[in-house]
Amino acid sequence: KGMLLVKDGINKIQLPKKSMIKAPPSETCDENWVAIVIKNVFPCQRNVQLGRYLDPTLDACASWKKDKQKELSEMHQRMLIGYGVRKEDVYAYAKLSRYPDNLRHAHLKGVADPTLKIPEDKVFITGYTTNNSNRRELFANSFQQIYVSRSPAVSPEDAKILSVVGEKTDDMSDDDWDLLCSYRFGTIIFGAPRNKLSAPLPCMIADGDLDGDDYFVCWDPHMLSQLLHSKDKLASKSRQLLLELTMPDKTGQGVDKTILFARGGEDWLSAAQDLMLDFSRQSKESHITGKLYSLCMAASKKVGGEIDIYGEDACAYAQAYKDALDIQKHGGVIVLPKHLHGVLC
């Protein structure tokens, strides 16, 4: 399970022996050269059209430009306000961004750097856009910093502000740079850690990975300016967290997928399938998951419409909600402070 990129000189699908093969060997076939590959092609059509709209040498189809886009989700609105962006600005953007001229966010597919030359603390955004001089320019060269998150985004540590590589690095070949520039809009390429013991950048963003995750990327200059430069107390507090590229503290988390996989060995997939096919259990867990999300949203809402994503109860519900999502696939327990137990009864 994972994402493969087109690369010059490679015309066959190449599967790493361990990292992408998730299903156990067949019980009815002893041939070792056979593999089933179920694939989707990216970017998705929505990003294809957005990429064509942003690129001054291309044009999106008329129906896409005419139709209203999906409104920015409540989840991402809550986080932006919770980090210190003025709520009236977030609400205004949510409405305006339904029209292409004002759209400054997208859900991009996360992939690993095929060149291994992107700095480990930076990303590359594929595609082209129009710069301030009304000229065609690499998207990555137009926006030096971006806000990146991933669903579910409910905890303060679930988003980061990342630097974007906009030009060829000193140790990157022309061919590698041309390869990055050839990809269509719709992909966020993460630099790989140079030290195998270092945490990959996606793991710092809502416990993300590169096996098909979409990342919420916002490049709206007005909201980014508030996050990066506002002297507001809340924005200043959030800025330190958003710019800090470290793994969040997972103390108290109820699900450790690494331990569960190790415990299950080669049978972990069958164990996960058994859990997901227990429909009675799934129904009950889905109910609890939905309730925890609602409680998280309610706990963070304050008088006057303000949002506090840092509140103790809001953070506890947020972690419990994420645990509940994982438990449906991997099993485990939901960790919730004792004084909150009664709300689920």
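The values are calculated or read from the model by the stated rules, or taken from the named source; none is laboratory data. Model, not experiment: these values are computed from the prediction. Ideal geometry is used to build each Cβ from the backbone, glycine not excepted, and the neighbour counts take in all protein chains shown. The area values use the complete protein model at the heavy-atom level, side chains included, leaving out ligands, DNA and RNA. Shrake-Rupley method; radii C 1.70, N 1.55, O 1.52, S 1.80 Å.
General observations
- Largest accessible area first, the residues Val154, Val343, Val6 order themselves as Val6, Val343, Val154 under a 1.4 Å probe with ligands, DNA and RNA left out.
- Taken along its principal axes, the alpha carbon cloud of the chain reaches lengths of 66, 59, 43 Å, longest axis first.
- Note on region 45-135: percent of Cα-Cα distances in each 10 Å bin, starting at 0 and stopping at the bin with the largest distance, equals 13, 36, 37, 14, 0.
- Chain lengthening between Arg135 and Arg184 when straightened (0.36 nm per residue, less Cα-Cα): 15.9 nm
- Mean shadow area of region 112-157, taken as a quarter of the surface of its Cα convex hull (nm²): 4.8
- Subset of Lys301/Lys338; Lys233/Lys301; Lys160/Lys301; Lys66/Lys291; Lys168/Lys322 violating a 28 Å alpha-carbon distance limit: Lys66/Lys291; Lys168/Lys322
- Averaged over its residues, the chain has an accessible area of 57 Å² per residue, based on protein heavy atoms and a 1.4 Å probe.
- Cα pair count fraction exceeding 25 Å, expressed as % - region 133-258: 33
- Heavy-atom surface analysis with a 1.4 Å probe gives the chain a carbon and sulfur content of 52 percent of its accessible area.
- Within the chain, longest stretch clear of exposed GluC sites (Glu not before Pro) (DSSP loop, no more than 15 other Cβ within 10 Å): 72-166
- Rounded to 0.05, the FRET efficiency of the Asp101 and Asp30 pair, given R0 = 45 Å and the Cβ-Cβ distance, is 0.15.
- Computed from the Cβ-Cβ distance with R0 of 25 Å, the FRET efficiency linking Lys87 to Lys231 stands at 0.90.
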